[in-house]
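Quick notes on the structure that follows.
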Amino acid sequence: MDVNGVTALVTGAARRVGKATALGLAASGADLVIHYGRSAADAEQTAAEAEALGARVRLVSADLSRPGAAESVFDGVGDLEPVRILVNSAASFPKDTLADVERDRWEATQSLVLAAPIFLTQAFARRLPDDLEGCVVNVTDWRTARPYRDHFSYTVAKGGLDTFTAAAAEALAPRIRVNAVALGAILPPPGEGSDYLKALASEIPVQRVGGTDPVVEAVLFLIRNHFVTGEIVRIDGGAHLR
């Protein structure tokens with residue numbers, strides 16, 4: 001799909017990978033619907049940067065863990081309809097284990113990390129005009145294949161997102177392609193600094209962290225390549241090899 005001139009909706013676009021992806025799409029000529037949860041000031045900054053790149057922008061705030069949030073997000077698209085690209089980037093990264101996870105935390109994580117992309121994709125498919133093609137890119141984690149010990153509910157939710165990527169690619173073909181990027185050492189978690197990054201880099205074959213540029217490049221590739229669907233591309237510096 002040619003990105004230029006189409007509308008892309010990016011969830012969690014106020015910060016970090018979501019922001020970088022939104023700005024990468026804007027730099028490639030897309031118009032943007034920027035979803036955010038509570039980070040209004042950061043979302044407005046992302047919007048300003050995207051507009052400086054020539055994009056038309058709409059800001060949409062929603063708690064994606066709540067029922068009905070997907071439809072409310074698409075209701076906010078306004079004059080940027082139709083959305084032809086959906087990037088499901090919003091997530092949380094709670095610390096828990098199988099031994100101590102509590103139902104409320106479990107359900108909140110499943111709602112945001114797994115259910116939200118499912119129902120956003122459903123709303124996207126319903127609203128895409130019959131004569132247009134669309135593309136969905138989910139943001140998952142390579143550690144679904146080698147699970148974290150202390151992020152249990154997150155890892156299980158991302159594993160579900162992997163399965164959903166394949167199931168949705170089959171269900172929505174041929175008009176809508178669905179792929180994913182599985183991230184490794186891209187950015188440190190909030191609150192961590194350079195020492196954390198050095199430790200991450202020492203554990204992977206390429207001996208460095210990725211930063212957001214490789215993620216943006218992979219997302220754009222998956223959107224542009226019309227013959228790829230149901231794929232999960234690892235952006236992990238070879239971490240899966242060890």
Which of the residues spanning the stretch 196-224 are under 14 Å from the mean Cα position of the chain (by Cα) and of a type in the set (Ser, Thr, Tyr)? THR212
Got a sec? Which of VAL33, VAL73 is touching a residue at least 60 places away in the same chain (Cβ under 8 Å) and either of a type in the set (Phe, Trp, Tyr) or on the phi < 0 side of the Ramachandran plot (or both)? VAL73
Of the listed residues (ARG16, ARG105, ARG56), the one being within 24 Å of ASP150 (Cβ to Cβ), more than 18 Å from the chain's Cα centre (by Cα) and among the basic types (Lys, Arg) is ARG105
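What number of residues within the stretch 116-129 satisfy the criterion of being farther than 8 Å from ALA70 by Cβ and touching a residue at least 24 places away in the same chain (Cβ under 8 Å)? Let's see the steps before the verdict.
Filtering the stretch 116-129 down to residues farther than 8 Å from ALA70 by Cβ leaves 117-118, 121, 124-129.
Next cut, touching a residue at least 24 places away in the same chain (Cβ under 8 Å) only: 117-118, 121, 124-125, 127-129.
Residues flagged as farther than 8 Å from ALA70 by Cβ and touching a residue at least 24 places away in the same chain (Cβ under 8 Å) within the stretch 116-129 amount to 8.
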Quick check, is ILE186 within 16 Å of ASP141 (Cα to Cα), at pLDDT below 95 and either of a type in the set (Lys, Arg) or over 15 Å from the mean Cα position of the chain (by Cα) (or both)? no
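In the stretch 152-242, which helices (runs of 4 or more DSSP H) lie fully inside it and hold 3 or more residues that are farther than 20 Å from PHE93 by Cα and in contact with a helix residue (DSSP H, G or I) (Cβ under 8 Å, 6 or more places away or on another chain)?
213-224
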It is to be established whether one or more residues within the stretch 225-239 are closer than 24 Å to SER111 by Cβ and modelled with pLDDT under 95. no
Only one of these conditions is not met by ARG84: (1) assigned to a strand (DSSP E or B); (2) in contact with a helix residue (DSSP H, G or I) (Cβ under 7 Å, 6 or more places away or on another chain). Which number is it? (2)
Among the residues of the stretch 152-209, the number that are without any contact (Cβ under 8 Å) to a residue 24 or more places away in the chain, in contact with a Phe, Trp or Tyr (Cβ under 9 Å, 6 or more places away or on another chain) and surrounded by fewer than 14 Cβ atoms within 10 Å (Cβ to Cβ) is 1
Look through PRO117, PRO129 and report the one residue that is out of contact with any Cys (no Cβ under 6 Å at 6 or more places or on another chain) and surrounded by fewer than 15 Cβ atoms within 10 Å (Cβ to Cβ). PRO129
Residue among LYS19, LYS95 that is basic (Lys, Arg) and touching a strand residue (DSSP E or B) at 6+ places or on another chain (Cβ under 8 Å): LYS95
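The values are calculated or read from the model by the stated rules, or taken from the named source; none is laboratory data. Note that the structure is a prediction, hence the values are computed from the model and not measured. Please note: Cβ atoms are built from the backbone with ideal geometry, for glycine as well, and neighbour counts cover all protein chains shown.
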